[in-house]
Every structure is written in structure tokens, then in C-alpha cells.
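See structure below.
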């Protein structure tokens, strides 16, 4: 099947041969044919005309057809060459094939033989083009697959970072770095809402000018994120429409994605390209996945803070309870000491009464005193044992 790209350069000085090959035969069946009359003219015309097939006479007025083959080979030109030779020039044909000729015509010849030779060569040309097209498609597909693998690897790394990185600033930098990479952007940044003032502060950045990069943890209005904060929808804008926004000082194409918690916009993830190349739907899908991870990280931070506050509250309660127990123990110890001292004094007084053989006491009363002294002694022993347990 012939196409408009199938061009033939005929190198022939004989007008009768040129007319038969070009006008009467090849052009009649739909080929585009350009005619030159010498090898030197052919070398000049090849770069301009870019023929798919070259037909050359072996006998030319300046350089021969074999010289033309040598010149084409030295310049790495891959257009196949059909040579025309007079009968009796078989040895020259053999040399021509050694120099790279693809086919030949013995003159005089018929139109059908010319078409047949040209078709044989073009069959090879078409097959080579198909192989080259398939190779390009395969290479492109392979590059796209490799890019998808790199993007998915980046997304996986961000997901892993969300669960492993505890320092908030490092995590936000990882998120912005991933967003810039998967969207093939030149720079990017993350804005987070400050709860009290409701302003958006610059939480992390990648490749921003130094004057802006110094605004980390400070309010910063890029001129476009506020629109997305209000709409809650991803915005992709490039070229002339972006020129009216302040962010156009950083590039000519921007993609802004809201970071949401319970459908409320709490942050904005932005990437920018210097060139006005619009971001693709694939870029949009990938950065939205990164924004989801940013949202998860904020939830994790919120939970972590809640857990810290809960742990601190429990620790304070435990310390208060411990302090209370210590106070109780102190009071109890003081009370035991005071009781022990008073009981000791009572026992001493009773001992003196028994030792002194007070005449006012009869035998029954003395028995009661002895029993009382023994009980007091047991109480004192018990109090001392309690002290030893503590």
C-alpha cells in the first residue's frame, strides 16, 4: 500500500530512461518521483527531498552509481538503492550489491519489471518502518510504565513516611517533594490553616525562591490557593488565564489541590511548572493521592496530640493520687507515733503503781492493772510491727 510519504529519487542522465521510469511507470501508479541527472546533484537533493527509495544508473556523467553507493554508506543514509545497469554489466552489479544495493534493473526493461522491483524494495521499507514504529511505541510504553512505577513507588514511600516519620516538618517536606515529583513540576508548597486566625501558613516548600522559603510557618498568600480553599475543588490552570494571579511569577502552569478533614479544607497542596504545559488528568489523580496522605498525616498528628494530652492528664492524676497517698501515710505515721508515746506513758504509770505496791489497791484491782499492762504491751508490740512493715 503506497502512501504520500513514499518518495523516489531517480538519478538518471538519459531523458528516455528518466521518462519511462518516472513519468510513464512510477508516477502513473502513484509514486512521487524527483529526478536529478548526476551523483553530485543526488547527494545535495537527498537531504532536502528525503527519498524513501533511490534509483540510480551505474553509468553517470560525473561519479558512477557505485561511487554514489559508497558516498551514501559513508553518510549513513539508509534509503535502499535500486541500480540500473546495461546488459553485460553483471560484474558491476555484483560490486553494486557488495556496496549495499537493494535490487537492480537490467536495461532495457519493461514497465512491469520496474514496478515489481520498486514494490519489492518498498515492501522492505514498509516492514522496516513498521518495526521502527513498533520499537518507538514499545519504548514509549516502557518509559510510561517505568514512570508509573516511579510514581507508585513515590506514593508508597509517602504512605510509609506518614506512618513512620514522627517529626511533622519532615513529613510535610516529604509530601511536597513527592507531589513535585509525581506531577513533573518545577516547584511546590503546602499551606496549612492556622486554627485560631484561620489564615494559611506555609508549612513546607520545594524549590521556591529564598525570599518565600523563609516564610515557613508564617502566613503566605500565593494569590490562587484562596479560591480553592473556598471551592474545595482541585484547580488546574495554565497559560494566559494564570497571568492575572500572583503565582504566575513562579511559573505558567499551576495545579492546586485541597487537603480536607471531614470535608473541611484545612490545607492546600500546590505545584507549578515554569512552562505553560497543562497538568494531565494523571498528574491530577496522583497529586490528589498525595493530598489524601497529607490529610491522613494531619489526622495522625491530631490523634497523637490527643493521646499525648490524655497521657499527660493520666500522669498528673496518678501523681496527684500518689501525693495524696503519701500525705495519708505521713498523717498515719505521725498518729501511730503519737499513740505509741501516749500508751507508753500510761504503761509506765501503771508499772510504777504495781511496783510500788500501792496499799489502796486490793488484789483484784492489782490483777486488773496487770492485765491492762499486758494488753498495753501487746498494743505497743503491734504498733512497732506495723512500723517495721512500712
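Every number in this text was worked out from the coordinates using simple rules, so none of it is lab data. Given the structure is predicted, the values throughout are model-derived calculations rather than measurements. Every residue, glycine among them, receives a Cβ derived from its backbone with ideal geometry; neighbour counts consider all protein chains shown.
For the chain, what is the relative contact order in percent, using Cα pairs closer than 8 Å and at least 6 residues apart in sequence?
9 percent
Extension gain, residue 146 to residue 339, is 60.8 nm, computed as 0.36 nm per intervening residue step minus the present C-alpha separation. Counting every other Cβ atom within 10 Å of each residue's Cβ, 296, 381, 339 order from fewest to most as 381, 339, 296.
How long are the semi-axes of the equivalent ellipsoid of the chain, defined as square roots of 5 times the Cα gyration tensor eigenvalues? Whole Å, largest first.
On the way: eigenvalues 2255, 149, 43 Å².
In descending order, the three semi-axes are 106, 27, 15 Å.
Compute the distance from the alpha-carbon center of segment 102-141 to that of segment 71-98, in whole Å. Cα centroid of segment 102-141 versus Cα centroid of segment 71-98: 16 Å apart. Taking 203, 349, 71 in turn, the Gaussian network model of the chain (Cα-Cα springs below 10 Å) assigns the largest fluctuation to 349. A simple spin-label model places pseudo-atoms 7 Å from Cα toward Cβ; at residue 329 and residue 135 they are separated by 8.6 nm. Considering only Cα atoms, the convex hull volume of segment 166-242 works out to 121 Å³ per residue.
Multiplying the residue separation of residue 221 and residue 245 by 0.36 nm and subtracting their alpha-carbon distance yields 7.6 nm. The length gained by stretching the chain between residue 318 and residue 157 to full extension, at 0.36 nm per residue less their Cα-Cα distance, is 54.0 nm. Given axes a ≥ b ≥ c from the Cα gyration tensor, I'd like to know whether segment 118-226 is rounded (a/c under 1.5), prolate (a/b larger than b/c) or oblate. Prolate shape, in that a/c is at least 1.5 and a/b is the bigger ratio.
Highest GNM mean-square fluctuation among 214, 191, 341, for the chain modelled with Cα contacts below 10 Å: 341.
Among 89, 314, the order by Cβ neighbours within 10 angstrom, fewest to most, reads 314, 89. Calculated [222 nm] ellipticity per residue, helices only, for the chain: -19500 deg cm²/dmol; basis is -39500 (n - 2.57) per DSSP H run with n ≥ 4, divided by all residues, nearest 500. The three principal axes of the Cα atoms in segment 7-131 give end-to-end lengths of 31, 30, 25 Å, sorted in falling order.
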